[in-house]
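First the structure, in the form of structure tokens, and then the observations on it.
What follows draws every value from the coordinates through simple rules; no lab data is involved. Please read all numbers here as calculations on a predicted model, not as lab measurements. Cβ: placed from backbone, ideal geometry, glycine included. Neighbour counts: every protein chain shown.
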Ligand code: FAD
Ligand code: DLZ
Ligand code: SF4
């Protein structure tokens, strides 16, 4: 019996397990641009355009390799507009009930496929270094699931930057070298930009017509949309960006959205680049003496450490993970996240570049937009939906652990041993935002006080029961307790006044 081979938008890899298990002489690949996926959160138009263009080009690539592909364009008359509908339509057309697929990266889609009245053969997604079983075995019986120890296992497993059974350079982690503040200028020209080809131009017109109401600009679209382009971009970054990636990994600059970052998350997550291939290219540059160890190790840790670890957590924790809210935060996501006016320059710049590029780097996500939402007590489910919608690299398996766990502490500490919070001080140290902000980062109270300064103490005070016993937070509480009662009252009153303005929809 002919089989249908389902390939989702983030499964655009030649090595996909579903393809490896199918027969190109008899089986039929099914790919579908559908409203069901494009609308379940209001994705950034650049993310949708990237994915649809990459899907269309991947379908052509498969045809070139001899596969028969049944492809639904979003505006095709007969498009059922859901993945399940597309499979059912093909099942009827080709007289089959057999489907081969690679496990989807989101519980919602896994369930939808599971619920189909078809015979769906799900293969593991082996484009990762650790399987679910390996991660579960590592996690079993551990009191705390800390990334650092998992990362060491992945170094041993891959042999990346290893000298025998010892880490190259004598230590596993060079993170302490990766915290330089914003440089005066950036020497790297930024990610490689591609002129949209004919397929991409057609998709851009479609996305402009259908998704113009979504947050995000479609202007100046430059993403790579196939494997060849993504590889060119990678080589360009390894030469120009990687040498200083480590040093300035945590720095933030108002007019330099990319600094020395790789901008590879969207390509790896969609399947255009293989994570191990990327890490090996970085290791080679380090072996050749072209990049320092802190850059190479820092980057490889993000991929074989953090990326693999968050995926393990997502699948270990189960479908209810995105609903967790241990801090019981309930505030609506402020309008400023959707481009509303704010006087806070760090947020203004981070959201502005998100709107333009569908990109912000890790520290902007964690210590600006994430930090503010956490301090202000925003409902983590709304924060999660925002991150899932606005970033071109966002899929639930990777976004949710980062947002719900790392950034919002809504999972109660599965990922983070303490909440990632900071006052304005940290942002001032790492960025050039505060110099031109309407608020004063040095002011701790009063009308001009940086809102992060007020909300930081407000957060600690309102969650005292949960966090004062955390040995990594004792110092924070000691500083708070050493302030006079009057000072503490003023800080809390100013923070409450700020939150009232925020809730009233005033510009803050
Ligand atoms: P670089 O900074 O150059 O890092 C290299 C690569 O390492 C990334 O491309 C990514 O593949 C990997 N990586 C680094 N940190 C992480 C991490 N914490 N988790 C997983 N992979 C990591 N990353 C996503 O890929 N998709 C998301 O939806 C996503 N959502 C996030 C939400 C929040 C609240 C936070 C704090 C982080 C999120 N991240 C997400 C992690 C990280 O911010 C992005 O991977 C990174 O900014 C992508 O940019 P880059 O490709 O230039 O990465
Ligand atoms: C993100 C996304 C979007 C916007 N559109 C599609 C689509 O039309 N067709 C498709 O197959 N996949 C799409 N995707 C990616 C899926 O949402 C993704 O495969 C699941 O969320 C699992 O990670
Ligand atoms: Fe952000 Fe505060 Fe600095 Fe303004 S002063 S940029 S609000 S941290």
**Between 0 and 90°, nearest 10: helix 345-357 axis offset from the chain longest Cα axis** = 10 degrees
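Given the rule -39500 (n - 2.57) for each run of at least 4 DSSP H residues, summed and divided by the residues of the chain, what is its mean residue ellipticity at 222 nm, to the nearest 500 deg cm²/dmol? Can you show the working numbers first?
Working: 23 runs with 224 residues, N = 508.
Helices in the chain give a 222 nm mean residue ellipticity of -13000 deg cm²/dmol.
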**Asked** When the Cα centres of segment 205-262 and segment 452-467 are compared, how far apart do they sit, in Å?
**Response** 35 Å
**Complete:** With Cα coordinates, the longest principal axis of the chain makes an angle with the long axis of helix 227-240, in degrees rounded to 10, of 30 degrees
**Prompt:** Using alpha carbons only, how many degrees (0 to 90, rounded to 10) separate the axis of helix 451-462 from the longest principal axis of the chain?
**Reply:** 90 degrees
**Complete:** If R0 = 22 Å, then residue 276 and residue 171, at their Cβ-Cβ distance, give a FRET efficiency to the nearest 0.05 of 0.45
**Pairwise FRET efficiency - residue 220 versus residue 63, Cβ, R0 = 25 Å, nearest 0.05** = 0.25
**Request:** Can you bin segment 4-123 into rounded, prolate or oblate? Criterion: square roots of the alpha carbon gyration tensor eigenvalues sorted a ≥ b ≥ c, rounded for a/c under 1.5, prolate for a/b above b/c, oblate for the rest.
**Result:** rounded
**Message:** Take residue 157 and residue 290, extend 7 Å from each Cα along the Cα→Cβ direction, and tell me the distance between the two endpoints in nm.
**Reply:** 2.8 nm
**Fill in**
At the level of C-alpha centres, the distance separating segment 390-433 and segment 95-123, in angstrom, is 32 Å
**Request:** Any chance you could run the full-extension gain for residue 484 through residue 14? It's 0.36 nm times the residue separation minus the Cα-Cα distance, nm to one decimal.
**Result:** 162.8 nm
**Message:** Tell me whether segment 335-504 comes out rounded, prolate or oblate; compute the Cα gyration tensor, take square roots of the eigenvalues as a ≥ b ≥ c, and use a/c under 1.5 as the rounded threshold.
**Reply:** oblate
**Message:** Suppose each label sits 7 Å from its Cα in the direction of the beta carbon; what would the residue 493-residue 179 distance come out to in nanometres?
**Reply:** 3.6 nm
**Message:** If each residue of separation counts as 0.36 nm, what is the full-extension length gain between residue 470 and residue 382 once their alpha-carbon separation is subtracted?
**Reply:** 29.0 nm
**Complete:** Contour minus Cα-Cα span, residue 92 to residue 328, at 0.36 nm per residue, comes to 80.2 nm
**Fill in**
Between the alpha carbon centres of segment 317-360 and segment 15-34 the gap in Å comes to 37 Å
**Request:** Take every DSSP beta bridge with both residues inside the chain and express the antiparallel ones as a percent of the total, to the nearest 5.
**Result:** 10 percent
